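**Q** Here it is, the structure, as structure tokens.
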Amino acid sequence: MAKTYNVVTFGCQMNERDSETLAGMLEEMGYVYEDNFKEADVCILNTCSVRENADKHFFGVLGQLKNPHEQNPGRITCVCGCMMQQQHIIDTLKAKYSWVDLVFGTHNIQNFPELFKNVRDEKKKLVEVWSDAEAIAEGLPAKRNYDFKAYVSIMQGCNNFCTYCIVPYTRGRERSRRPEDILEEIRCLAKSGCKEICLLGQNVNSYGRAKSVPGTYHYDDEKGSVLDDGSLNLDFAGLIREIDKIEGIERIRFMTSHPKDISDELIACFRDCKHLCHMIHLPVQSGSDVVLKKMNRHYDRAWYFDKIDRLRAACPDIAISTDIIVGFPGETEEDFQGTLDLVEKVRYDSAFTFIYSVRKDTPAEKYEDQIPEELKHERFNRLLKLIHEIQEEKSKQYQDKVLKVLVEGPSKTNEEVLTGRTESNMTVDFTGDPDLIGKIVDVKIVKAQTFSLYGELI
Ligand code: SAH
Ligand code: SF4
Ligand code: F3S
């Protein structure tokens, strides 16, 4: 009988994409997918460290694996991802979870098959985490989660060092893939029936702009590409325009955009590109200029409002979503009022709100004016209430409208019903034939609720 595997993914889309690569590698080695991670012969936990809750969640799940591990001596437990790029986590694993077989990081995923075979065949335990990123490895296998939609990573790492954020430390310096490699991947996906792609990067607006990692794609407006291999000279907007021409790709999304780097060329894409979804995730983090400065975000309210105005002028029906942190060190009631006011003015279609979480070795960890937990929660609840009111009103606009829906599969709550997503990424449930899975269909919205829509197939 073939040996089985499972990959448990925590965190963001980057991690989901990495997990697809790890699954692809295991399948190439002959392993088959097992739904229950506690039953699988090989289990990988791909971790996230963005907030303290993520860390706790990981240790909780890892704890659940101790018994299965002891009961099945052939079982291999691996941990990887963002948490592993931090020495204090490695120390904890070595001290308290020494039964884990393989530990690796975000920078050496491409070596997973080699590390894994070493552990499996030599029956040893390995910890191999690289501290620095190299160029992005191309041509790795992938077991994609869906046939009709796919994540395409266009760059990795982050150079922004927002003072609260761990990502630049766990994902390393920003580096971009060559445009040719990205376009080739998308052409292949399109040929195999993929209709929707989501371009991934911590800050896609700076695609191709970072110079720090030798051997990676970078260009400047005057000199062109620094790679002496005839590489195309494309910035992010240029890349989208090329992807827009690929036959079969009907929806293009991207995330995430840093407001400081959003260009007029990108905004123009929303007007010109036929397949670019009318939506943008534009994390604001705070509505206070004082807090934004302390967060090292490099923009202020006025700049942000200007970008929103330009986006809505180019694309009047654009759906806008955001991320907001509540309770950043030193945040006063006045600062918080600034956030509420900004939310009122922008009127987001959706917003992800987070309570500030202290991250070890980030600049904000050292700020002395940390906000008491209770106050953070109180502000968080006030913000959430406002966001939901606006979301409810936004959602009502869809009532009786006919929307294009990419059908994803049976609904999680009711097997008899199909679920799909609109261009603005809202979920729609409706009754229809399972043959429609993977197709884009017209659905008339008959019931518009705050977080979900119900419709009828046209
Ligand atoms: N690169 C993306 C975001 C990556 S992290 C961007 O810049 O937009 C996703 C979100 O987590 C961030 O937008 C931020 O709102 C939140 N976040 C990051 N660090 C956090 C922390 N220490 N506490 C609370 N929320 C945090
Ligand atoms: Fe973190 Fe800021 Fe980079 Fe986003 S841009 S990953 S929030 S440092
Ligand atoms: Fe988490 Fe790493 Fe993503 S810290 S949010 S998995 S980049």
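The values are calculated or read from the model by the stated rules, or taken from the named source; none is laboratory data. Keep in mind it's a predicted model, so treat the numbers as computed, not measured. With ideal geometry, Cβ positions are generated from the backbone for all residues, glycine too; neighbour counts draw on all protein chains shown. Accessible surface areas use protein heavy atoms only, side chains included; no ligands, DNA or RNA. Shrake-Rupley method; radii C 1.70, N 1.55, O 1.52, S 1.80 Å.
**Q** Using 0.36 nm per residue of separation minus the Cα-Cα distance, give me the extension gain between GLU365 and TRP303 in nm, one decimal.
**A** Roughly 19.6 nm would be gained on extension.
**Q** Still on this model: Pop out the ³J(HN,Hα) list for the stretch 402-413 in order, Karplus 6.51 cos²θ - 1.76 cosθ + 1.60 with θ = phi - 60°, rounded to Hz; leave Gly and Pro as x.
**A** Ordered by residue, 3J(HN,Hα) equals 9, 10, 7, 10, 8, 7, 9, x, x, 5, 5, 8 Hz.
**Q** Another one. Ignoring everything except DSSP H segments at least 4 long, calculate the 222 nm mean residue ellipticity for the chain; use -39,500 (n - 2.57) per segment, divide by total residues, nearest 500.
**A** -10000 deg cm²/dmol
**Q** Also: Largest first and to the nearest Å, give the Cα extent of the chain along each principal axis.
**A** 62, 58, 53
**Q** Using a Cα-Cα cut-off of under 22 Å, which lysines could be cross-linked to LYS211, ignoring same-chain neighbours fewer than 8 residues away?
**A** Result set, ordered by chain and number: LYS223, LYS260.
**Q** Now for a different question. Carbon-plus-sulfur fraction of the accessible area of the chain, 1.4 Å probe, in percent?
**A** The computed percentage sits at 49.
**Q** Show me the ranking of peptides 326-332, 394-400 by mean Cβ neighbours inside 10 Å, starting with the highest.
**A** 326-332, 394-400
**Q** To the nearest Å, what is the center-to-center distance of the stretch 396-432 and the stretch 1-72, using C-alpha atoms only?
**A** That distance is 30 Å.
**Q** Greater than 20 Å separation of Cα atoms is the criterion. Which listed pairs, LYS3/LYS123; LYS56/LYS294; LYS195/LYS447, meet it?
**A** LYS56/LYS294; LYS195/LYS447, as the Cα separations exceed 20 Å there.
**Q** Rolling a 1.4 angstrom probe over the protein heavy atoms, how many square angstrom per residue are accessible across the chain?
**A** Here the residues of the chain average 46 Å² of exposed surface.
**Q** What's the magnitude of the charge dipole for the chain around its Cα centre, counting Lys and Arg as +1 and Asp and Glu as -1 at the beta-carbon? Answer in Debye, nearest 20.
**A** Dipole size: approximately 380 debye.
**Q** In the stretch 243-278, what GluC sites (Glu not before Pro) fall in a loop by DSSP, with at most 14 other Cβ atoms inside 10 Å?
**A** GLU247
**Q** Let me ask another. Under 5 Å between amide hydrogens, which residues at least 5 positions from HIS281 or on another chain qualify, with H placed 1.01 Å from N in the peptide plane?
**A** Long-range HN contacts for HIS281: SER257, SER321.
**Q** Right, another one. Measure off 7 Å from each Cα along the Cα-to-Cβ vector at PHE354 and ARG310, then give the distance between these two points in nanometres to one decimal.
**A** Each label point is offset 7 Å from its Cα along the Cβ direction, giving 2.6 nm.
**Q** Between GLU393 and LYS125, how high is the FRET efficiency from 1/(1 + (r/R0)^6) when r is the Cβ-Cβ distance and R₀ = 56 Å? Nearest 0.05.
**A** For GLU393 and LYS125, the calculated efficiency is 0.50.
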